[in-house]
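S.K.: This is the structure I have questions about; it appears just below.
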2 protein chains.
Amino acid sequence: MATARKPAAAGSLNASHVGATIYSVAERAGVSIATVSRVLQGAGTVSAKTTQKVLDAVDELDYVPLGAARSLAVRHHEAHGLVLPELTGPYYSELLMGFESRAAELGQSVTLMLTEGKADIARAVRQLATHVDAIAVLGSAAMPPAVAKALHGKKPVIIIAGSPQEGIESVGAENVHSAQKLTEHVLGHGRRRLLFVGDPDGAPDISERHAGFVAAHLARDLEPAEPVRVPFREGEGEAVAERILAGEVSADALVCANDELALSIMSHLQDAGRDVPGDIAVVGWDDVMTSRYVRPGMTTVRQPVRELGALAAERLHQRVHGAELLAAPRILPTQVIIRGSCGCAARLRDAPPTRRTTTSTTSTTP
Amino acid sequence: MATARKPAAAGSLNASHVGATIYSVAERAGVSIATVSRVLQGAGTVSAKTTQKVLDAVDELDYVPLGAARSLAVRHHEAHGLVLPELTGPYYSELLMGFESRAAELGQSVTLMLTEGKADIARAVRQLATHVDAIAVLGSAAMPPAVAKALHGKKPVIIIAGSPQEGIESVGAENVHSAQKLTEHVLGHGRRRLLFVGDPDGAPDISERHAGFVAAHLARDLEPAEPVRVPFREGEGEAVAERILAGEVSADALVCANDELALSIMSHLQDAGRDVPGDIAVVGWDDVMTSRYVRPGMTTVRQPVRELGALAAERLHQRVHGAELLAAPRILPTQVIIRGSCGCAARLRDAPPTRRTTTSTTSTTP
DNA sequence: AGGGCAGATGTAAGCGCTTACAGAGCGCGA
DNA sequence: TCGCGCTCTGTAAGCGCTTACATCTGCCCT
């Protein structure tokens, strides 16, 4: 009879209880484990009759292969890691969806790690690295460079929307150019006391947006004001609104680092009786769902977030399979979405996939 | 010299290039692989001096253990699978955050799978099962019972917010009771032509909410109207609003299956000049961020979604470590959040963590 | 009829790690 | 001084799978 290295202790009773192995399946089908493996991997040639016998055995035993054993043998985890700060708001979720979807198409599973709330991120990343073939990290996810260093060279790493680092691949959405366009648009409404709300030092993409904000001013020989440095958190909007209402800062337009902030500020200003955009214009970034529902509609910038995630998964996969590291970051174009909050004639509402847009671009930096 | 079963082909050149193994670390530290393992696992007793030698070697070689090998040896993946339909809206993200966070605390990594867009879900779940110790599935994620069956018994499975199935553990948020309370509240405003918007057959929790809606009517000897069966998708709100505006259906209050739907409908009705809640009240479910920003604020129900995720991770972990299957579903209490859209005196805005609430409860069904 | 060949299957050697068990070295009490 | 029991370390046997290679059938061709 077939090989029987494994006495399979539980074999005599309910073999499927603890878990059938390739041995039990082979035994049941009356073939060798090599044949079972061949049938399951679809590799090699196995006669139709034998194939059926094996499949039947698999079925009867409810055989679920042990991934670890396969991974060890083929030396591939067939899994990608994704490191994000957290998941509030649509940005990260979209990214994750794009990533998961492409990874799945490529036959890779995705292991997610959230950094927020974790005490020892370096340790967590190292841990993650033991289970996956490659890792994508969101730029702002606080990943100590040391860890990146340790990982890089061992496993492919890609940075999403972060500052490109020597020897590590990056993908991101265009920021500077579109921020400049957006700012120019606001300036075009005759506003002159614009304020950038958000912390340019907080995250690489915010920094780029601020750069665009500054560039738009310089292009018109205007002096850009100092940014109002606040973190993202929703609550911050209130604080900013208070300062404006109290007259501590004066402005006729706010260019916010993201929609959450913009929405919160606008809402507070309106509650206090201010007219948006009459008294003050407010624009955001991200085009979250709420931005379509508020009155006036929020003028903002839409990023191809899902595509970004998919691209990261794709590149990781290619790298795992031998592709060379791409030195230049891949930059995806964004879209400026004009609604009413910037001072444009308010329209009642946009059809969800708004088209009244300006496209600002660039792909793969020169 | 120490064991050298492995000639470690690349050993002579840059050993860390392809990846150091426990053998190369052992060799470099001048100890056996068992000692290296002991140091890394923190198991057994190893002298301080030896420990340091090993740690140094690990550092110098940038050693990252191969998770698969460990998993194979210990017969544990130390990973939990989570199956969700998709990730739009805050619900799934919150759930995922709660799940990931608790799992991480327990030392488990999480592998995410999204069913939306996948052709062969059964195959995907099977695939997932090969890499994880246990799986949590969102109730409405279309997971063929056959798959559940195959998995159950082999690996612990838990259903989140789904219809409990014999032999499979479940966790969920309370629906019936809070839906009844919410409906009663609306009836309390004198409304009599309430409409339930959403498809009770679409998902188990919607069905429960509808049951509460019906119960509230029966408690007052009122006849509940037939539900307006529409899927969740944001676009559907418009269609419903059109039907109301066209007079095809008449109602003075809408009890919607979730906030997305409620918000969309309310927005369309307002655009058409209808007064909410004056002409018609609208209430939702989930307490998404937007519900705090719209005017009037959306009256809704808040679920402890994050806790739900954490609980699922926790139970899975316990089950993996031998805990018995819990027969009764664990039900977490929810909170009815009263704002203006139900007809209550509109207030300008709520402090984000609104407190003007009714708490509706129950834990672990009798 | 015999040789050759291709297709089907089996054999066995790992993949890198954990861990039971055994052994070595050492201090200490009798 | 000897022996006992520690503590620390090494040996080696797997964990369940993949896969190169060997083997065994038939079957066709000459």
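The values are calculated or read from the model by the stated rules, or taken from the named source; none is laboratory data. Worth saying up front: this structure is predicted, and the values here are computed from it rather than measured. Reconstructed Cβ throughout: ideal geometry from the backbone, glycine too, with neighbour counts over all protein chains shown.
S.K.: Checking B:Asp56 against (1) more than 16 Å from DNA strand C (Cβ to nearest atom); (2) in contact with a Leu (Cβ under 8 Å, 6 or more places away or on another chain); (3) farther than 30 Å from A:Gly89 by Cβ, only one condition comes out false. Which one?
M.R.: (2)
S.K.: All but one of (1) at pLDDT below 90; (2) among the small types (Gly, Ala, Ser); (3) touching a helix residue (DSSP H, G or I) at 6+ places or on another chain (Cβ under 6 Å); (4) crowded, with 23+ Cβ neighbours inside 10 Å hold for B:Ala103; which doesn't?
M.R.: (1)
S.K.: Oh, and also: So which residues in region A:146-171 are farther than 21 Å from A:Val320 by Cβ and touching an Asp or Glu at 6+ places or on another chain (Cβ under 7 Å), if there are any at all?
M.R.: The one that is farther than 21 Å from A:Val320 by Cβ and touching an Asp or Glu at 6+ places or on another chain (Cβ under 7 Å): A:Ala161.
S.K.: So which residues in region B:19-39 are among the hydrophobic types (A, V, I, L, M, F, W, C) and more than 7 Å from DNA strand D (Cβ to nearest atom), if there are any at all? Outline the logic, then answer.
M.R.: Pass one, region B:19-39, residues among the hydrophobic types (A, V, I, L, M, F, W, C): B:20, B:22, B:25-26, B:29, B:31, B:33-34, B:36, B:39.
Of everything in region B:19-39, those that are among the hydrophobic types (A, V, I, L, M, F, W, C) and more than 7 Å from DNA strand D (Cβ to nearest atom) turn out to be B:Ala20, B:Ile22, B:Val25, B:Ala26, B:Ala29, B:Val36, B:Val39.
S.K.: Further, regarding this structure: What are the residues in region A:60-74 that are farther than 14 Å from B:Asp133 by Cβ and near DNA strand D (Cβ under 9 Å from one of its atoms), if any? Break it down stepwise before answering.
M.R.: Step one: list which residues in region A:60-74 are farther than 14 Å from B:Asp133 by Cβ, which gives A:60-63, A:65, A:69-74.
Selection gives A:Tyr63, A:Pro65, A:Ala69, A:Arg70, A:Ser71, A:Leu72, A:Ala73, A:Val74.
S.K.: Please state which one of A:Thr115, A:Thr111 is of a type in the set (Ser, Thr, Tyr) and closer than 24 Å to A:Gly322 by Cβ.
M.R.: Working: A:Thr115 fails: closer than 24 Å to A:Gly322 by Cβ.
After ruling out the rest, the residue left standing is A:Thr111.
S.K.: Please list, ordered by residue number, the helices (runs of 4 or more DSSP H) wholly in region B:196-297 having 1 or more residues that are touching a residue at least 40 places away in the same chain (Cβ under 8 Å) and either in contact with a Ser or Thr (Cβ under 6 Å, 6 or more places away or on another chain) or within 13 Å of chain A (Cβ to nearest Cβ) (or both).
M.R.: Numbers: elements: B:204-219, B:236-245, B:259-271, B:290-293.
Ranges flagged: B:204-219, B:259-271, B:290-293.
To keep it simple, each residue is scored yes or no on (1) within 14 Å of DNA strand C (Cβ to nearest atom); (2) modelled with pLDDT under 90; (3) assigned by TED's automatic domain parsing to the domain that holds A:Val31.
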position	(1), (2), (3)
A:Val46	yes, yes, yes
A:Lys49	yes, yes, yes
A:Asp62	no, yes, yes
A:Pro65	yes, no, yes
A:Ala69	yes, no, yes
A:Leu82	no, no, no
A:Pro85	no, no, no
A:Pro90	no, yes, no
A:Leu95	no, no, no
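S.K.: Kindly indicate the residue of region A:79-121 that is part of a helix (DSSP H, G or I) and among the acidic types (Asp, Glu) and also farthest from the other protein chains (Cβ to nearest Cβ) among those meeting that condition. Can you show your working first?
M.R.: Initially, region A:79-121 is screened for residues part of a helix (DSSP H, G or I), giving A:90-105, A:121.
Now restrict to residues that are among the acidic types (Asp, Glu): A:94, A:100, A:105.
Values: A:Glu94: 8, A:Glu100: 5, A:Glu105: 9 Å.
Per the stated criteria, the residue is A:Glu105.
S.K.: OK, next. Residues that are out of contact with any helix residue (DSSP H, G or I) (no Cβ under 7 Å at 6 or more places or on another chain), over 28 Å from B:Asp133 (Cβ atoms) and near DNA strand C (Cβ under 9 Å from one of its atoms): does region A:33-44 have at least one? I'd like the intermediate steps shown before the answer.
M.R.: Going through region A:33-44, the residues out of contact with any helix residue (DSSP H, G or I) (no Cβ under 7 Å at 6 or more places or on another chain) turn out to be A:34, A:38, A:40-43.
When the remaining residues are screened for being over 28 Å from B:Asp133 (Cβ atoms), the result is none.
No, the conditions are met nowhere in region A:33-44.
S.K.: Given the condition within 14 Å of chain A (Cβ to nearest Cβ), under 27 Å from B:His210 (Cβ atoms), in contact (Cβ under 8 Å) with a residue 40 or more places away in the chain and part of a strand (DSSP E or B), answer yes or no: does some residue in region B:149-165 qualify?
M.R.: Applying the first criterion (within 14 Å of chain A (Cβ to nearest Cβ)) to region B:149-165 yields B:149-157.
Narrowing further to those that are under 27 Å from B:His210 (Cβ atoms): B:157.
Narrowing the set further to residues that are in contact (Cβ under 8 Å) with a residue 40 or more places away in the chain leaves none.
No, there is no match, as no residue in region B:149-165 is within 14 Å of chain A (Cβ to nearest Cβ), under 27 Å from B:His210 (Cβ atoms), in contact (Cβ under 8 Å) with a residue 40 or more places away in the chain and part of a strand (DSSP E or B).
S.K.: Considering only residues that are within 24 Å of B:Ser71 (Cβ to Cβ) and part of a helix (DSSP H, G or I), which ones fall in region A:40-69?
M.R.: Once the filter is applied, which keeps residues that are within 24 Å of B:Ser71 (Cβ to Cβ) and part of a helix (DSSP H, G or I), region A:40-69 yields A:Leu40, A:Gln41, A:Val58, A:Leu61, A:Gly67, A:Ala68, A:Ala69.
S.K.: So in region A:298-309, with the set limited to residues that are crowded, with 22+ Cβ neighbours inside 10 Å and within 12 Å of chain B (Cβ to nearest Cβ), which one is modelled with the highest pLDDT?
M.R.: A:Gly309
S.K.: For region B:52-78, enumerate the residues that are within 25 Å of B:Ile159 (Cβ to Cβ) and at the interface with another protein chain (Cβ under 7 Å from one of its Cβ atoms).
M.R.: In the first step, residues of region B:52-78 are kept if they are within 25 Å of B:Ile159 (Cβ to Cβ); the result is B:76-78.
B:His77 - this is the single residue of region B:52-78 that is within 25 Å of B:Ile159 (Cβ to Cβ) and at the interface with another protein chain (Cβ under 7 Å from one of its Cβ atoms).
S.K.: Run down B:Ala203, B:Ala225 and say which single residue is assigned by TED's automatic domain parsing to the domain that holds B:Met298, among the small types (Gly, Ala, Ser) and closer than 27 Å to B:Thr88 by Cβ. Reasoning before the result, please.
M.R.: On the way: B:Ala225 fails: closer than 27 Å to B:Thr88 by Cβ.
Result: B:Ala203 is the single residue among B:Ala203, B:Ala225 that is assigned by TED's automatic domain parsing to the domain that holds B:Met298, among the small types (Gly, Ala, Ser) and closer than 27 Å to B:Thr88 by Cβ.
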